[in-house]
Amino acid sequence: MRTAEHFASKSSKSSNSSPSMLGHLRSSLRHASVRALRIAGELRAARKSVAASGDRVVLTFHRIVPDKEIALCRSPRGMVLRESIFAQVIEYLKFSTSIEAPERVEWPHYRTGRPQVILTFDDGWIDNLDIALPYLTSAGIRACFFMTTGFAGQAEPFWPERLRGIFDSLRSANMLPLLQEEMHELESRSDIPSPAMNGSTKFEEILTWLKQFPTDTISQWLDSLQNHLSPIVPNLPAGTIFDPRERLMDWDELQQLAAAGHTIGSHTRSHALLTQLDPHAVREELLVSREHLSEHLHPSNEAPIWLSYPNGDASHAIAASALRTGYSRAFLNSPGLWRKRTSQMLIPRVNVWDGTVTDRSGDFSPEHLEYSLFWKTARTHTKYK
Ligand SMILES: [Zn+2]
């Protein structure tokens, strides 16, 4: 199973219930499960069992956003963690787990009696440096940052934030039906039905639908959308950046992270979803990104480089290509445990965002975190083509 919103499965079929209703149901179920498991002592047992097994849990973060700036943030909810919650997650991990530095990972390893965890960050957002780094430094934690290397220093690097800007402008002008017309135009070029638009249509539903198209097609469609709508929609963002943190780190900033002892890995060159590319294009994405990292950060070209697949989308053929291109370990976005027998090129990870670590009132809940990290991971098995 994939994590919610941001990583909605590509193969998920539309059903009669709306995804927003399903999302609400899923979150209620989650709260109820966590409560029942806590009372039964199952969460504590799951944590102990992961600690005893020596299996590792790898966490994925994307954006760490200051609480007071959350309204500015256009990134999908499934990749946003408020700074105050992040601080509490770090505090929990520091006292209840054993956090390993990425470059020290070895099998077998010394067991500490606590679950072994590794922290990773995807995409390369500037808030990783500005907001997250001070917490990592003061807790003495080393993490791996997976960089979309072709977009270093770039503002508005990905299409979901751009779409969010357009969506919000249309909604506030009561003009969302215009978006439906444009979606029909894209739909007519494929056989993938678009979600029905009405007052309660959630941004995430459109996002999930669009992720089924190649990245180039989406960018071109957004360009034409912007051209068509700009003359008629007031304040349609024309590449305007509202959130100064909506950019990726540049190479100087990545060097600061590396100098502080952190590992910089690859998140490919352009964040294209590798399962949508032909083998030659996959190799190009991986090879060019590896060259970027070598050129800017690893002049000796000998350092083993880690990789995380955009959107977690991979296959055995892609994993083999990554190995041939010089990557030593590669990570998914599907929850699970990193066991000794796990393929080094298909390592599961747990996506951590506000929705997975907070209770009904939006406060940090160690039980919700334990449910995600230890209980669910031990029960998830992912299959690949
Ligand atoms: Zn990503």
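Of all residues in the range 246-258, which are within 16 Å of the ligand (Cβ to nearest atom) and surrounded by fewer than 22 Cβ atoms within 10 Å (Cβ to Cβ)? Result: R247, single match. Only one entry in P160, P195, P177 is open to solvent by less than 40 Å² (accessible area, probe 1.4 Å), within 30 Å of N235 (Cβ to Cβ) and at pLDDT below 90, namely P195. Does the range 318-335 contain any residue that is more than 22 Å from V105 (Cβ to Cβ), surrounded by fewer than 23 Cβ atoms within 10 Å (Cβ to Cβ), at pLDDT 95 or above and not hydroxyl-bearing (S, T, Y)? Taking every residue of the range 318-335 in turn, none turns out to be more than 22 Å from V105 (Cβ to Cβ), surrounded by fewer than 23 Cβ atoms within 10 Å (Cβ to Cβ), at pLDDT 95 or above and not hydroxyl-bearing (S, T, Y).
Scanning the range 259-286 for residues that are surrounded by fewer than 17 Cβ atoms within 10 Å (Cβ to Cβ) and among the hydrophobic types (A, V, I, L, M, F, W, C) yields A259, A260, A281. In the condition set (1) at pLDDT 90 or above; (2) under 25 Å from L72 (Cβ atoms); (3) in a helix (DSSP H, G or I), H271 is compliant with all but (3).
Which residues, taken from the range 315-338, are farther than 19 Å from T208 by Cβ and either within 16 Å of the ligand (Cβ to nearest atom) or aromatic (F, W, Y) (or both)? Residues satisfying the conditions are I318, A322, Y327, A330, F331, W338. If the condition is being more than 23 Å from G165 (Cβ to Cβ), away from the ligand (no atom under 16 Å from the Cβ), assigned to a strand (DSSP E or B) and within 20 Å of the chain's Cα centre (by Cα), then the range 47-98 contributes R56, V57. Where residues in the range 339-355 are open to solvent by 10 Å² or more (accessible area, probe 1.4 Å) and of a type in the set (D, E, K, R), which of them is nearest to the ligand (Cβ to nearest atom)? Filtering first and then ranking leaves D354.
Only one entry of S294, S289 meets the criterion of being of a type in the set (G, A, S), away from the ligand (no atom under 16 Å from the Cβ) and farther than 21 Å from Q212 by Cα, and that entry is S294.
Answer yes or no as to whether I99 is touching a strand residue (DSSP E or B) at 6+ places or on another chain (Cβ under 8 Å) and either among the aliphatic types (A, V, I, L, M) or at pLDDT 95 or above (or both). Here the answer is yes, as I99 does meet what is asked.
Within the range 288-316, being more than 22 Å from the chain's Cα centre (by Cα) and touching a residue at least 12 places away in the same chain (Cβ under 8 Å) holds for H296, L297, P304.
The values are calculated or read from the model by the stated rules, or taken from the named source; none is laboratory data. All values derive from a computational prediction rather than experimental measurement. Cβ atoms come from the backbone with ideal geometry, glycine included; neighbour counts cover every protein chain shown. Side chains are part of the model used for accessible areas, which takes the heavy atoms of the whole protein and leaves out ligands, DNA and RNA. Shrake-Rupley method; radii C 1.70, N 1.55, O 1.52, S 1.80 Å.
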